[in-house]
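Derivation of every value follows stated rules applied to the coordinates shown; laboratory data play no part. Treat the numbers as computed from the prediction; the structure is a model and nothing was measured. As a convention, Cβ positions derive from the backbone with ideal geometry for all residues, glycine included, and neighbour counts pool all protein chains shown.
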Amino acid sequence: MRKTKLIIFFIFFTLVFFQCRQEQKQKNKSELKKNSLNIKDNIKLSSTEIKENSEEEEEEEEEEEEEESFLLNDKNAIPFLFQYQKKNLEDKVRITTRFGNIDIQLFNKTPYHRANFIYLTKKGYFKNTTFHRVVPGFIIQGGNSDRYETSKKRSEIGKYLLPPDTKKGYKHHRGVISMPSSEIENPYKLASPFEFFIVQQTPGAYHLDGSYTIFGKVISGMDVVDMISNQRTDNSETPLTNIFIDISILE
C-alpha cells in the first residue's frame, strides 16, 4: 500500500514538474518572440530615423549648394532683397577696426539697402576689406580693398547695382552712413552695393542730399570715425597704412 502511494506521488510530481517546464518553455518562447519583435521594430525605427536624417542632410546640402551657386545680378537683386528683408530683420551692425568699434543703426525705411548690408555682412564679405578712401573733414569710405580675396568674394556674390532711395527725408548729417554711386558712370546714380561711406563733416555734407542713399547712422564710435579721418593719405585719398575692417551683426 505504501509503495503504491509512493508510486502515485512520484507520478504526480513528475506530471507537475513536466507541466511547469512546459509552461516555462512557452513563456520563454513568448518573451523571445516579443524581444525579437521589439528588436525588429527598433531596427525599423532606426532605419527610418537614419533615412529621415539622411534626407534632411541631403536637403541641407542641396540648399547650401544652391546658395553657393546663386549669383545676384541687376535682374534678380531687388526681388531677392525684397524677400530677404522680410526674414532677416537685423538692423544693427558693428564695424571693427584697430582704432576701435563703430556701431551702426540701419534704417528700416530703406529696406533694400539695409537688407543688402545685412546680407553682405552675413556672407562675410566685409572681413579684411578696408577704409580705402579718407577725406579729412568730409567722409571715410569703406568696403573695398586691393586684395584678390575681396574681388573673389565679389565675383562669388554677384555683379549688381542698387537703385537710389533718396526720398525718405534723411539728410547727410555728421555720422550718417550712405552708399556711393557705382564707379561706372550711370545717369540714375545706381549705387555700388559693396561700399559705403560715413559722413565725418560737421554739421554735415548736405550737398550730397538727393544723390546718395542714406541707410543708417552711427550710434557709437564717432570718435573712431574722427581718428580714421585724421590718418595720413596719398594724393588719391588712400590711407598710407591699410585700415582693415570687419563687420558683424549686433543683437
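With 23 Å as the limit on Cα-Cα distance, the pairs of Lys86/Lys123; Lys122/Lys171; Lys122/Lys167 that go past it are Lys122/Lys171; Lys122/Lys167. When each of Met222, Met179 is scored by the number of other beta-carbon atoms lying within 10 Å, the sequence from fewest to most is Met222, Met179. Pairs from the table (Lys92/Lys152; Lys75/Lys153; Lys75/Lys217) lying more than 23 angstrom apart at Cα are Lys92/Lys152; Lys75/Lys217.
Mind running the shape call on the range 81-221? Use the C-alpha gyration tensor, a ≥ b ≥ c as the square roots of the eigenvalues: rounded below 1.5 for a/c, prolate if a/b tops b/c, oblate otherwise.
rounded
Counting beta carbons within 10 Å around each of Phe138, Phe82 and listing the fewest first gives the order Phe82, Phe138.
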